[in-house]
Amino acid sequence: MPAALIWLVVALGLAGAEALTGDLFLLMLGGGALAAAGTAAVFDWPIWADGVVFLVVSILLLVLVRPALRRRFTSAPALETGPEALEGKPALVLDRVSQHEGQIKLEGEVWTARPLNDHDVYEPGDQVTVMHIDGATAVVWKNA
């Protein structure tokens, strides 16, 4: 079996094993094996020279490419969804907000609202901040 084919099988095996780990380590080694397969196919070097190509390319990929890929894949902030995404958002009071009644306009939608402190009352036109969502009701606090 030619050396290029052996290196290619090793590269594919490492890439397949990477699918199980997701750490990008085996993929970089697979890249080194693929480079060794390429040099074995093009040049008539001894097997130890293909090993050196594998080692050098693998180290370069591990040192230069893997950190950048890991940053790219892991740095995305989690998107807030649901009620948590509305906390801290400003809103406009549409109808008087008191302990048992009230409506606000929040992100273009009309919401039922109540004040954070039961004794507070907010009049139409007041700017409030959503403190949290309680079921389908926004609990709000008046901006200073």
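The values are calculated or read from the model by the stated rules, or taken from the named source; none is laboratory data. Since we're looking at a predicted model, the values are computed, not measured. We place every Cβ from the backbone using ideal geometry, glycine too, and count neighbours over all the protein chains shown. Protein only, heavy atoms only, side chains kept; ligands, DNA and RNA dropped before computing areas. Shrake-Rupley method; radii C 1.70, N 1.55, O 1.52, S 1.80 Å.
Normalised by the residues of the chain, what does the relative contact order come to in percent, with Cα pairs under 8 Å and at least six apart?
Working: 231 pairs, mean separation 22.7, N = 144.
Contact order relative to length: 16 percent.
Residues Arg66, Arg96, Arg71 ordered from highest to lowest accessible area at a 1.4 Å probe: Arg71, Arg96, Arg66.
When the helices in the chain are scored as -39500 (n - 2.57) per DSSP H run of 4 or longer and the sum is shared across all residues, what 222 nm value do you end up with, to the nearest 500 deg cm²/dmol? Don't skip to the answer; put the middle values down first.
On the way: 4 runs with 60 residues, N = 144.
That comes out to -13500 deg cm²/dmol.
Per residue, how big is the convex hull around the C-alpha atoms of the stretch 1-75? Give it to me in cubic angstrom, could you?
Numbers: hull volume 5.2 nm³, N = 75.
Spelled out: Cα convex hull of the stretch 1-75, divided by residues, is 70 Å³.
Between the stretch 110-135 and the stretch 8-42, the alpha-carbon centres lie 58 Å apart.
Sorted on the mean count of surrounding Cβ atoms within 10 Å across their residues, most packed first, peptides 30-42, 3-15, 98-110, 79-91 read 30-42, 3-15, 98-110, 79-91.
Sorting the Cα pairs of the stretch 35-108 by distance into bins of 10 Å, from 0 upward, gives 15, 20, 15, 11, 10, 11, 9, 7, 2 percent per bin. Once the 1.4 Å probe is applied to the protein heavy atoms, the chain comes out at 63 Å² accessible per residue.
Using a probe of 1.4 Å on the protein chains alone, the accessible area found for Met131 is around 80 Å².
For the stretch 88-128, rounded, prolate or oblate, judged on the Cα gyration tensor with a ≥ b ≥ c (square roots of eigenvalues), a/c < 1.5 rounded, else prolate if a/b > b/c? Please report the intermediate quantities before stating the final value.
Numbers: a/c = 1.71, a/b = 1.58, b/c = 1.09.
Verdict is prolate for the stretch 88-128.
Exposure check, 1.4 Å probe, all protein chains in place: Trp141 carries approximately 110 Å² of accessible surface. In the stretch 1-75, the portion of solvent-accessible area held by carbon and sulfur atoms comes to 76 percent [1.4 Å probe, whole percent, DNA, RNA and ligands not counted]. Give me the angle, in degrees from 0 to 90, between the Cα long axis of helix 25-42 and the longest principal axis of the Cα atoms of the chain, rounded to the nearest 10. Roughly 30 degrees, rounded to the nearest 10. The gain in end-to-end length when the Arg70 to Lys89 segment is fully stretched comes to 3.6 nm, 0.36 nm per residue minus the alpha carbon separation.
Annotation: average projected area of the chain is 13.6 square nanometres, based on the convex hull of Cα atoms across all directions.
Placing pseudo-labels 7 Å out from each Cα toward the beta carbon at Gln99 and Ala136 gives an inter-label distance of 2.4 nm. Where the accessible area of the stretch 81-139 is counted over protein heavy atoms with a 1.4 Å probe, how much of it, in %, is carbon and sulfur? Of the solvent-accessible surface of the stretch 81-139, carbon and sulfur hold 47 percent.
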